[in-house]
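Down below is the structure, laid out as structure tokens.
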Amino acid sequence: MDSHRQALAAYDPKIERAIAGEERRQVDGVEMIPSENYTYPEVLACLGSVLTNKYAEGYPGRRYYGGQEFTDEIERTARQRATKLFGAEHANVQPLSGSPMNQAAYFAFLSPGDTVLAMDLSHGGHLTHGAPVSHMGKVFNFVRYKTHPDQGGAIDFDELMRTAKETRPKMVLCGYSSYPRDYDYAAFKAVADEVGALTMADISHIGGLVAAGAMRNPCAAGFDVVTTTTHKTLRGPRGGLILNKKEHASKIDAAVFPGLQGGPHMNNVAGAAVTFKKAAEPEFRAYAEQTMKNAKVLAQALMDEGVSLITGGTDNHMMVMDVVKSFDLDGRAAQETLDRIGITANKQVIPDDPLPPVRPSGVRLGTPACTTRGMGEADMRRIGGWIVAALRAPDDEAALAKIKRETEEMCRSYPVPGIG
């Protein structure tokens, strides 16, 4: 235990015990929530640094407080690395997380009541893409397009074009939270160009896969704005990144600060700078490719057992099981069963889900975190077998206990970065 943790243990043992418990949970179990990952020890060093003490309102060379020599260097470095990594013209590294990142992108270009064409939540979109329960859904007029689950989750671009011509959106948004396919960004841009709309892509889930060249890059397709969180497949700190054309730089920067936020969290910005450096290395490309290989193997292992996946497979790092159809369980019950065998997943709505979000029909699985630990295709087949066995016998305590022991035994072979 390092000196900081020792001090915490001495002063507030209750909180230190909870942190230690979370460490054990992460070490002993298989993390399969697609949006979660293990960050680098070097990033953890930034997050726990003295940068947390410093206010840095404004931008490099234009701060409101003094003492910014080192914060300016860190932010400039982060921006330069981000633009190079994604092939973008401008980057804002200050968003505190994914939701404020997207909100800033909207407010940079839109006025209340403006129309945005975006993916329906139940078909894979995110809350910030105009879900009725979100504040953004109340501020702007979101028109939602859907996928075709019976066609592998395909998007009908002829239908999308008709909708765009009817509604005349100011922005066409593509991006997802639970869509196991890649996007045809050129087709989205053609729709937007036809109606004179801006293009925005939210690649929060697949940012690392895009950075590694394993999935298509909307920056290369000429999108006006691209947003991504810096954790998830990028393996960085919990923050947001906005990439955009240079012509939009002043609008984006003003929308983030002072429009939406105050001072950035410079410990996070430093962690993001380290993350972008890591993502440019050959080892990261290999990681991204293995993440996708693992997802395909896991998806196939599940389908071989008769499990219904909402798009019949995956083109990225995630998949969504229809657990009602496959196991006669709702998503919450399935999630809780998997927790009991040491596999962490999350309940998920499926397209046009007849069940409520608190007890939806699906469970979402992903491979970024287990790939970070070094797990490979053979492990995915074992995990797939455990998932099926557990969900077929959710009330068999002896069987679940046996699988949990097997899960913990496998996990002992794969250390978690930054813990130990």
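The helix-based estimate of mean residue ellipticity at 222 nm for the chain, built from -39,500 (n - 2.57) per DSSP H run of four or more residues and divided by its residue count, is -14000 deg cm²/dmol to the nearest 500.
The phi torsions of region 128-138, fed into the Karplus equation with coefficients 6.51, -1.76 and 1.60 and a -60° offset, translate into couplings of 6, 8, x, 4, x, 7, 8, 5, 4, x, 8 Hz, rounded to whole numbers, with Gly and Pro shown as x. Relative intensity of region 45-279 on a log10 scale, I(q)/I(0) at q = 0.07, 0.17 Å⁻¹, equals -0.22, -1.21, per a Debye sum over C-alpha point scatterers of equal strength in the absence of solvent. Counting every C-alpha pair in region 289-411, the share spaced more than 22 angstrom apart comes to 29%.
The ellipsoid equivalent to the alpha-carbon distribution of region 48-150 has semi-axes of 34, 16, 13 angstrom, derived from the gyration tensor eigenvalues as √(5λ) and listed largest first. Simple spin-label estimate for D156 and K246 gives 4.2 nm between the two label positions (7 Å along the Cα-to-Cβ direction from each Cα). Pairs with C-alpha atoms separated by more than 21 Å, drawn from the list K189/K277; K146/K293; K232/K347; K232/K293; K189/K246, are K189/K277; K146/K293. Phi angles of region 46-53 translate, via the Karplus equation with coefficients 6.51, -1.76, 1.60 and θ = phi - 60°, into HN-Hα couplings of 5, 5, x, 8, 5, 4, 5, 7 Hz per residue; Gly and Pro are given as x. Taking every C-alpha pair closer than 8 Å and separated by at least 6 residues, the mean separation divided by the residue count of region 45-279 gives a relative contact order of 30 percent. Checking the Cα-Cα distances for K170/K296; K54/K84; K165/K296 against a 32 Å cut-off, the pairs over it are K170/K296; K165/K296. Phi angles across region 111-121 convert, under the Karplus curve 6.51 cos²θ - 1.76 cosθ + 1.60 with θ = phi - 60°, into 3J(HN,Hα) values of 10, x, x, 5, 8, 10, 9, 9, 6, 4, 4 Hz, Gly and Pro given as x.
Mean sequence separation of contacting Cα pairs (under 8 Å, at least six apart), scaled by the length of the chain, corresponds to a relative contact order of 23 percent.
Region 120-190 and region 299-339 have Cα centres spaced 23 Å apart. Between amide H atoms placed 1.01 Å from N, distances below 5 Å from V30 occur with I343, T344, all of them 5 or more places distant or on a separate chain.
The modelled label-to-label distance between Q6 and D114, using points 7 Å beyond Cα along the C-beta direction, is 5.5 nm. Within the straight-line cut-off of under 16 Å between alpha carbons, the aspartates and glutamates reachable from K14 are E22, E23, sequence neighbours fewer than 8 places apart in one chain being disregarded. Shape summary of the chain, radius of gyration then Dmax from alpha carbon positions: 21.6, 64 Å. The relative contact order of region 289-411 comes to 29 percent, based on Cα pairs under 8 Å that sit 6 or more residues apart. A cut-off of 5 Å between modelled amide H atoms, ignoring neighbours fewer than 5 places along the same chain, links F142 with V116.
FYI, it's all coordinate maths here, none of it is from the lab. Since this is a predicted model, take the numbers as computed values, not measurements. Cβ coordinates were reconstructed from backbone atoms using ideal geometry, including for glycine residues, and neighbour counts include every protein chain displayed.
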